[in-house]
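What follows is calculated from the coordinates using simple rules that are stated; it is not laboratory data. The shown structure was predicted, so the numbers you read here are calculated from the model rather than taken from an experiment. When we count neighbours, we look across all protein chains shown, and the Cβ atoms used for this are built from the backbone with ideal geometry, even at glycine.
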Amino acid sequence: MSDIPVSERAARIEYAIRDVVVPATALEAEGHEIIKLNIGDPIAYPGLPTPEHMIHGFQESLSRGETGYSPSYGLAELRAAIADDEFAKGWNCTPDDVYVCHGVTEALQIIFTATLEEGTKVLAPGPHYPPYMAYPQLFGAETIEYRLDADDGWRVDFDDVEAKMDENVRLLVLINPNNPTGNVADSNEIDRLISIAEKWPNCMIIADEIYDELDFTGSQTSVASRSQTVPVFTLNGVSKVYYAPGWRIGYMALHDPTSRLGAVRDGIERLLRSRLCASTPAQMGYLAGLTQSRSWMGDYTQKVLAKRDLCLKRISEIDGLDVQAPGGAFYMFVRLTDSKWANDDKKFVLDLLHDEHVLLVHGSGFSKEMGNGHFRLVYLAELDVLNEAFDRIERFLQRSR
């Protein structure tokens, strides 16, 4: 008997970051040890544990028996703490503007469900985090990529944004700091993006700021704090700068400066009620992170910077590689300058995996056009592991010439 057919929408979904794990798992089953630099999970690397006071907040919630459903929009005390945090970033956020979700990924799914339909568009940076390409198609929409300039620190190409805007664009996305390139847009760039969006009355901005505290430039700015005309969905959560990705707690905060999101807000709230709630004890763990001391962050950031600087040094010494220094997050988007690999980054990643047992992600998995000829590296491993990985990469490049 033939297979029962899968839906076309599911068959088209790709997620390069985890897709490359499939061949890596097969190699591990054969007894090989893999250096994994593919996934942006800070807990997967030693030396950056979830802070103890947050773990205690989670555990104490469990001890108090807080294992039931929470309100669909999130615990009141957590919504208030998030609102205070966003207010401190420069805009008038209230608890009613905050909606706690099962990670930023769920927040994106809810926003897309509430705002997209057949014929509408999402304008997202290229390269970008894969769900921005994968999910809109589920609602009859399409994602159009605007260009990040690979030769100018991956800055936004505003002429390209202008050229691709039209009345069907519902969501203009800024990932800041960017995944996968690490670029940080400053306030002037944000203002220019807002000035483009405000020309189109049905356009809203998604400001994905999940890496906002991992900014090495000092220029990262809340998009909502800059907008007086365009609605903004601010996305953030516990995964990256609070080092607790497995807790799956994120949020969206709605900035509606001209009071035009009434219908969209109603749709979002209906969707949130229909899916029940996010994890109750995990929300309490995040609350501890927001309301207690953040002095630990400086030490963590210095560790991340030391790893970044080592990678920049090693890449500069390897013939066949080039990289724009990232200003934030914990990724490098490395260019393959060797002619053998410059147009086949996926083969490079798979061959490197099989020959040298180093796992990266092919750049074309973040944009077939604008990521081609690159690979993404997560630079959170210990220094000796990073050095070993670059030794293997250099050896592979030399041998393949």
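Assorted remarks:
- For the chain, a Gaussian network of Cα nodes joined below 10 Å ranks His357, His53, His374 by mean-square fluctuation, and the top entry is His53.
- Two-site label geometry, Leu310 and His32: point separation in nm, points 7 Å out along Cα→Cβ: 2.3 nm
- The length gained by stretching the chain between Ala342 and Phe87 to full extension, at 0.36 nm per residue less their Cα-Cα distance, is 87.3 nm.
- Under 14 Å, Cβ to Cβ, from Gly119 - net charge with Lys/Arg +1 and Asp/Glu -1: -3
- Over every Cα atom in the range 1-102, the radius of gyration and the widest Cα-Cα span, Dmax, amount to 21.0, 61 Å.
- Kirkwood analysis of the Cα pair distances in the range 211-310 returns a hydrodynamic radius of 16.1 Å.
- Cα convex hull of the chain, projected area averaged across orientations, nm²: 21.3 nm²
- Shape annotation for the range 256-335: C-alpha extents along the principal axes are 55, 31, 27 Å, from largest to smallest.
- Equivalent ellipsoid semi-axes - Cα gyration tensor, the range 55-94, angstrom: 25, 13, 5
- Folded to 0 to 90 degrees: helix 187-197 orientation relative to the chain principal axis, Cα: 70 degrees
- Structure remark: mean-square fluctuation, Gaussian network model of the chain, C-alpha springs under 10 Å; the largest value among Val223, Val122, Val349 belongs to Val349.
- Of the residues Val361, Val304, Val238, the one with the fewest other Cβ atoms within 10 Å heads the list, and the complete ranking is Val304, Val238, Val361.
- The convex hull built on the alpha-carbon positions of the range 150-213 has an orientation-averaged projected area of 4.5 nm².
- Computed over the chain: relative contact order in percent, which uses C-alpha pairs under 8 Å that are six or more apart: 23 percent
- With contacts taken as Cα pairs under 8 Å at a separation of at least 6 residues, the range 315-401 carries a relative contact order of 28 percent.
- For the chain, size of Cβ-based charge dipole, Lys and Arg +1, Asp and Glu -1, in debye: 420 debye
- The chain: angle of helix 296-316 to the longest principal axis, Cα-based, in degrees nearest 10: 30 degrees
- Within a Gaussian network of the chain (alpha carbon springs, distance under 10 Å), most fluctuating of Ala163, Ala282, Ala114: Ala163
- Extension gain (nm, one decimal) between Arg260 and Asn387, 0.36 nm per residue minus Cα-Cα: 40.5 nm
- Where the Cα pairs of the range 314-386 fall when distances are cut into 10 Å bins, in %: 20, 56, 24, 1
- Summing Lys and Arg as +1 and Asp and Glu as -1 over all other residues whose Cβ lies under 13 Å from the Cβ of Thr217 gives a net charge of -3.
- The smallest convex shape that holds all Cα atoms of the range 52-291, its convex hull, gives 113 Å³ per residue.
- Across the range 46-62, rounded Karplus estimates of 3J(HN,Hα) from the backbone phi angles (6.51 cos²θ - 1.76 cosθ + 1.60, θ = phi - 60°) give x, x, 10, x, 4, x, 4, 5, 6, 4, 4, x, 5, 5, 5, 5, 4 Hz, Gly and Pro being marked x.
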